[in-house]
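Undergrad: Supplied in structure tokens, the structure appears directly below.
The values are calculated or read from the model by the stated rules, or taken from the named source; none is laboratory data. Note that the structure is predicted; figures quoted are calculated from it, not measured. With ideal geometry, Cβ positions are generated from the backbone for all residues, glycine too; neighbour counts draw on all protein chains shown.
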Amino acid sequence: MIAFTGAHARSKLADGKPSLLKGVTLSWDGGVLAVLGTPADGTVALLEAAAGLTKVRAGSVAIAGHAPAASRTRIAYVPLACTLPDALRVDEVCDLAGQLRGEPAQAPAARLAVLGLEALAKRRVRSLSPGESRAVSLALALSSKASVLLVDEPLVGLDGSAPARVIEALRERATAGAAVLVTTASVRDATRLGDQLGVLTQGVFGHLPASRAHVGASGAKLRVVIGAESAPEIAPFVAALSQEAAVASVETSTYVGTRILHAAVAVVVSGAELLEVARAVATAAARSDAKVLAIESAVLPLEALRRPVVVPAEVTPRRDTPAPPAPPAPPAPEVGV
Amino acid sequence: MMLVLARVPALRLLRTPRAWAPLLLWTLAAVVIATAARSTGSASGATHVMRGSFAFLVLPLVAYAIVGAVIGGAGLQQGIRGVVALGAEPRQAALASVGVAVAYAMAACGVLAALVCVLAHGSQDPPLASDLPTSLWVGALGGGAYAAYFCAGAAIWKGKLRGVFLAFDWIVGGGAGFGALFTPRGHVLSLLGGLPCAELSQRASSALLVVLLAAYAALAVALTRRA
């Protein structure tokens, strides 16, 4: 549904710097593709090119086989800095959005309910905070009939339980057949959202195996939060883990309490293979009857995932000049929890 | 679709009381000047006021203020970004904004011109029965042409050229040179009985104002193909 073929594009960021795409080729038909990178790496240009808001200088971008500008009603685009029609109330914006897309009439409250924003319906857009404005934009995109959703940093700038609702709603839309393309600089957000991952580095796109986001030089790490008053209470669980062959090390720390997890102990479990470590955790939890509250996979920092970019030489070397030796592959970084 | 899109810029002016301030200021100025002309017993007060302060100050500045209020003050691209984000085609959204600005300016400037004509009318002025519709027509046409002209300025360099266009009109538009052909001032003055603009007839100036309105509106829309 979304097809980039050798696309070169350039967008201008708010600070005047360019956001570039250099020969991006990707195809995405359904589900959530999470592209890692910063605006300077080309994430803004990627989304704006797909939305038909920036000129593709070479190559092509197609949405369902058509130019993006001709498929505007099929596309819902939510940039990081959202702009809504400032003179209207939120409910009027909801109606306007439906009319512009030629969608059947839908009550504004129903659109806003996607993210639990019904209370904002009668507010003027001008009176909304940036976070509220962004949430409304996301709700309009998620409640639209658009078959292509383009969202920049979907979980940034949201309050309270909104991120969980956004993830759920995006996944629902993807399950219903929409092609969702999200860009983010957060590896954690990308792994939470994406069916597949990609990475943009200085405008160059590459697919990223999902496991690559979790597994570094020292293998994979899982943080398991166990409901317990103190560390000694989870000794059976730790002992069971230690018997598992896939587990290389186990570290225990008291969990910084929250309103939800007020009495918990976190255990960081390391191993070579993420899936094997996860199985070991499940087995150990079942054996020791531990009360597992949450399991969180550690992710690599964005810098570690950037695809190495080979910059073409400006000057063609002489024929008799020996080719320089290939640079050594960078060492895989450590995974941090 | 255009009506749906036009609702946003139309409401932007109506729901922004702060935007009314310059409009009210220039309306008040026009009324005061016209009343002063009448109270001094000027025999051709309407002619003097219309060719003088109305054509020089009130007409362009009212149109300038209306364009600023309709597009939101920060350029045409920025002004339509909200509806484009909801799926509108940028050029359609720009056309709707320009259309609303032109319509508002035509209505406001036409009514204001008629008001000034009535208030300042003197014994040596043409009969009110013919002068009033002429003033209404010239005010409306001039206001519309100015609005399109400023919309084109608002579509360039994040709207910063709107002020430059105003200055250009003041500097070049009042003269009889070639440059005056491209700004509304010379044509408006000609239609109000002033010197012909570049030696053109009033009919030609009238037609050129319509052409300028269409050309600047088209330029503004063309410059806003991406928001």
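Undergrad: Among the candidates A:304, A:294, A:282, single out the residue that is buried (at least 16 other Cβ atoms within 10 Å of the Cβ), in contact with a strand residue (DSSP E or B) (Cβ under 9 Å, 6 or more places away or on another chain) and either at pLDDT 50 or above or in a strand (DSSP E or B) (or both).
TA: A:304
Undergrad: When the stretch B:69-88 is examined, which residues are found to be buried (at least 22 other Cβ atoms within 10 Å of the Cβ) and in a helix (DSSP H, G or I)?
TA: Answer for the stretch B:69-88, where residues must be buried (at least 22 other Cβ atoms within 10 Å of the Cβ) and in a helix (DSSP H, G or I): B:69, B:70, B:71, B:76, B:77, B:79, B:80, B:81, B:82, B:83, B:84, B:85.
Undergrad: With the requirement that a residue be of a type in the set (Ser, Thr, Tyr), more than 14 Å from chain A (Cβ to nearest Cβ) and more than 15 Å from the chain's Cα centre (by Cα), what does the stretch B:187-227 give you? Show your work before the answer.
TA: Step one: list which residues in the stretch B:187-227 are of a type in the set (Ser, Thr, Tyr), which gives B:190, B:201, B:205-206, B:216, B:224.
Going one step further and asking which of them are more than 14 Å from chain A (Cβ to nearest Cβ), we end up with B:190, B:201, B:205-206, B:216.
Once the filter is applied, which keeps residues that are of a type in the set (Ser, Thr, Tyr), more than 14 Å from chain A (Cβ to nearest Cβ) and more than 15 Å from the chain's Cα centre (by Cα), the stretch B:187-227 yields B:190, B:201, B:205.
Undergrad: Filtering the stretch A:71-84 down to residues that are of a type outside the set (A, V, I, L, M, F, W, C) and out of contact with any helix residue (DSSP H, G or I) (no Cβ under 6 Å at 6 or more places or on another chain), which residue is nearest to the other protein chains (Cβ to nearest Cβ)? It would help to see each step written out before you state the result.
TA: Within the stretch A:71-84, the subset of a type outside the set (A, V, I, L, M, F, W, C) is A:71-74, A:77, A:79, A:83.
Still in the running and out of contact with any helix residue (DSSP H, G or I) (no Cβ under 6 Å at 6 or more places or on another chain): A:71-72, A:74, A:79.
Working: A:71: 10, A:72: 6, A:74: 9, A:79: 7 Å.
Ranking the qualifying residues of the stretch A:71-84, first place goes to A:72.
Undergrad: So which residues in the stretch B:16-31 are assigned to a helix (DSSP H, G or I) and either β-branched (Val, Ile, Thr) or closer than 23 Å to residue B:127 by Cα (or both), if there are any at all?
TA: Hits for the stretch B:16-31 are B:27, B:30, B:31.
Undergrad: Hey, among the residues in the stretch A:88-145 that are in contact with a Lys or Arg (Cβ under 7 Å, 6 or more places away or on another chain) and hydroxyl-bearing (Ser, Thr, Tyr), which one's nearest to residue A:167 (Cα to Cα)?
TA: A:143
Undergrad: Still on this structure, I have one more. For residue B:10, work out the one condition from (1) facing chain A (nearest Cβ under 10 Å); (2) surrounded by fewer than 18 Cβ atoms within 10 Å (Cβ to Cβ); (3) out of contact with any strand residue (DSSP E or B) (no Cβ under 9 Å at 6 or more places or on another chain) it doesn't fulfil.
TA: If we test residue B:10 against (1) facing chain A (nearest Cβ under 10 Å); (2) surrounded by fewer than 18 Cβ atoms within 10 Å (Cβ to Cβ); (3) out of contact with any strand residue (DSSP E or B) (no Cβ under 9 Å at 6 or more places or on another chain), just (2) comes out false.
Undergrad: State whether one or more residues within the stretch A:91-99 are more than 11 Å from every other protein chain (Cβ to nearest Cβ) and modelled with pLDDT of 85 or more.
TA: yes
Undergrad: Please state which one of A:67, A:50, A:87 is within 18 Å of residue B:84 (Cβ to Cβ) and within 11 Å of another protein chain (Cβ to nearest Cβ).
TA: A:87
Undergrad: Here is a follow-up. Give all pairs with beta carbons closer than 9 Å in which a residue from the stretch A:230-244 that is over 19 Å from residue A:278 (Cα atoms) meets a residue that is aliphatic (A, V, I, L, M) and assigned to a helix (DSSP H, G or I); count only pairs at least 6 apart in sequence or on separate chains.
TA: A:231/A:238
Undergrad: From the residues in the stretch B:89-99 that are touching a residue at least 24 places away in the same chain (Cβ under 8 Å) and surrounded by fewer than 24 Cβ atoms within 10 Å (Cβ to Cβ), which one is nearest to the other protein chains (Cβ to nearest Cβ)? Outline the logic, then answer.
TA: Taking the stretch B:89-99 as the starting set, the residues that turn out to be touching a residue at least 24 places away in the same chain (Cβ under 8 Å) are B:90-99.
Then drop every residue that is not surrounded by fewer than 24 Cβ atoms within 10 Å (Cβ to Cβ), which leaves B:90-92, B:95, B:99.
Details: B:90: 8, B:91: 10, B:92: 10, B:95: 14, B:99: 16 Å.
This residue is B:90.
Undergrad: Hey, among B:69, B:114, which residue is farther than 30 Å from residue A:68 by Cα, within 14 Å of chain A (Cβ to nearest Cβ) and small (Gly, Ala, Ser)? Before you say what the answer is, go through the steps one by one.
TA: Numbers: B:114 fails: within 14 Å of chain A (Cβ to nearest Cβ).
Exactly one residue qualifies, and that residue is B:69.
Undergrad: Right, residue A:141: surrounded by 22 or more Cβ atoms within 10 Å (Cβ to Cβ), within 17 Å of the chain's Cα centre (by Cα) and within 12 Å of another protein chain (Cβ to nearest Cβ) or not?
TA: In short, yes.
Undergrad: Tally time: how many residues in the stretch B:184-217 are more than 17 Å from residue B:139 (Cβ to Cβ), touching a residue at least 12 places away in the same chain (Cβ under 8 Å) and of a type in the set (Ser, Thr, Tyr)?
TA: 1
Undergrad: Does residue A:204 count as under 30 Å from residue A:26 (Cα atoms) and at pLDDT 80 or above?
TA: Taking the combined requirement at face value, the residue satisfies it.
Undergrad: I need the strands (runs of 3 or more DSSP E) fully contained in the stretch A:1-109, keeping only those with at least 1 residues that are buried (at least 20 other Cβ atoms within 10 Å of the Cβ) and aromatic (Phe, Trp, Tyr).
TA: Because the criterion is at least 1 residues that are buried (at least 20 other Cβ atoms within 10 Å of the Cβ) and aromatic (Phe, Trp, Tyr), the strands (runs of 3 or more DSSP E) in the stretch A:1-109 that meet it are A:2-12, A:18-28, A:75-78.
Undergrad: When the stretch B:32-52 is examined, which residues are found to be surrounded by fewer than 19 Cβ atoms within 10 Å (Cβ to Cβ), part of a helix (DSSP H, G or I) and either within 14 Å of chain A (Cβ to nearest Cβ) or of a type in the set (Gly, Ala, Ser) (or both)?
TA: B:36, B:39, B:52
Undergrad: Among the numbered criteria (1) assigned to a loop (DSSP other than H, G, I, E, B); (2) touching a residue at least 40 places away in the same chain (Cβ under 8 Å); (3) more than 12 Å from chain B (Cβ to nearest Cβ); (4) charged (D, E, K, R), which single criterion is violated by residue A:122?
TA: With (1) assigned to a loop (DSSP other than H, G, I, E, B); (2) touching a residue at least 40 places away in the same chain (Cβ under 8 Å); (3) more than 12 Å from chain B (Cβ to nearest Cβ); (4) charged (D, E, K, R) applied to residue A:122, the lone miss is (2).
Undergrad: Moving to a separate point now. How about the stretch A:139-232: which strands (runs of 3 or more DSSP E) wholly inside it have at least 3 residues that are more than 30 Å from residue A:9 (Cα to Cα), among the hydrophobic types (A, V, I, L, M, F, W, C) and not assigned by TED's automatic domain parsing to the domain that holds residue A:80?
TA: Per the criteria, A:219-227.
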